[in-house]
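Below is one structure; the comments refer to it alone.
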Amino acid sequence: MRFRVGDRASYTQTISEAHVALFVGAVGDTNPLHVDEAYAKRSRFGGRIAQGILVAGLISTVIGTRLPGVGAIYLGQTLRFLKPVRLGDTITATAVLKAVREREKGGYVLTLDTFCENQEGERVLEGEATVLYEEPTGPRP
């Protein structure tokens, strides 16, 4: 079998102004906590924070490019947001293989523990992903 329980992969990205702006453009989340420094300074966070789903998207990068990689399709993802992510934070998203089930029709269903940590090693979000994986056919991108 290609996968073993305990397999892990990570991806690291520093969250920038450009990431937040592109996310706003892609999905329209203009919550002032993300885009208005004056408003955000008066909030419980004391300044702007990145959108939680933007940060969670780093998990999608791990799943789609590293574990299991090309051929992965999300079936589900739970998330718990634990700490805010500020612009300039460097976030490492990690997926750890928890369970593998082979499908009769081919491919696998994988269950992965997923989490993101900031540059201080503090966990900022965690959850669990369920992924369908089928070996890709044809030329790879």
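The values are calculated or read from the model by the stated rules, or taken from the named source; none is laboratory data. Everything numeric here is computed off the predicted structure, so don't read it as measured data. Glycine also receives a Cβ, built like all others from the backbone with ideal geometry; neighbour counts cover every protein chain displayed. To get the accessible areas, we keep the full protein, side chains included, count just its heavy atoms, and leave off ligands, DNA and RNA. Shrake-Rupley method; radii C 1.70, N 1.55, O 1.52, S 1.80 Å.
List of remarks:
- Of all the numbered requirements in (1) free of Cβ contacts under 8 Å to residues at least 12 places away in the same chain; (2) open to solvent by 70 Å² or more (accessible area, probe 1.4 Å); (3) under 20 Å from Glu120 (Cβ atoms), Arg86 misses one, and that requirement is (1).
- Whichever residue in region 5-24 is assigned to a loop (DSSP other than H, G, I, E, B) and surrounded by 11 or more Cβ atoms within 10 Å (Cβ to Cβ) and, among such residues, is farthest from the chain's Cα centre (by Cα): Val5
- Any hit, region 97-105, residues being modelled with pLDDT of 95 or more and within 19 Å of Gln51 (Cα to Cα): no
- Lone qualifier among Val27, Val35 - being open to solvent by 60 Å² or more (accessible area, probe 1.4 Å) and more than 24 Å from Thr92 (Cβ to Cβ): Val35
- Filter result (open to solvent by 50 Å² or more (accessible area, probe 1.4 Å) and either under 24 Å from Glu120 (Cα atoms) or modelled with pLDDT of 95 or more (or both)) within region 46-72: Ile53, Ser60, Thr65, Arg66
Okay, residues lined up against (1) charged (D, E, K, R); (2) touching a residue at least 12 places away in the same chain (Cβ under 8 Å):
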| position | (1), (2) |
| --- | --- |
| Val5 | no, yes |
| Ala9 | no, yes |
| Thr12 | no, yes |
| Ser16 | no, yes |
| Val20 | no, yes |
| Tyr39 | no, no |
| Ile59 | no, yes |
| Arg66 | yes, yes |
| Ala72 | no, yes |
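- Of the criteria (1) outside any strand (DSSP E or B); (2) under 15 Å from the mean Cα position of the chain (by Cα); (3) more than 27 Å from Ala21 (Cβ to Cβ); (4) not small (Gly, Ala, Ser), which one Lys83 fails: (3)
- Unique match (being closer than 18 Å to Thr12 by Cβ, not in a loop (DSSP other than H, G, I, E, B) and not polar (S, T, N, Q)) among Ala50, Ala56, Ala40, Ala99: Ala56
- The set of residues in region 116-135 that are open to solvent by 40 Å² or more (accessible area, probe 1.4 Å) and not in a strand (DSSP E or B) comprises Gln119, Glu120, Gly121, Glu122, Glu134, Glu135.
- Test result for Asp113, open to solvent by 40 Å² or more (accessible area, probe 1.4 Å) and modelled with pLDDT of 95 or more: yes
- Any hit, region 102-111, residues being part of a strand (DSSP E or B), closer than 18 Å to Phe45 by Cβ and of a type outside the set (D, E, K, R): no
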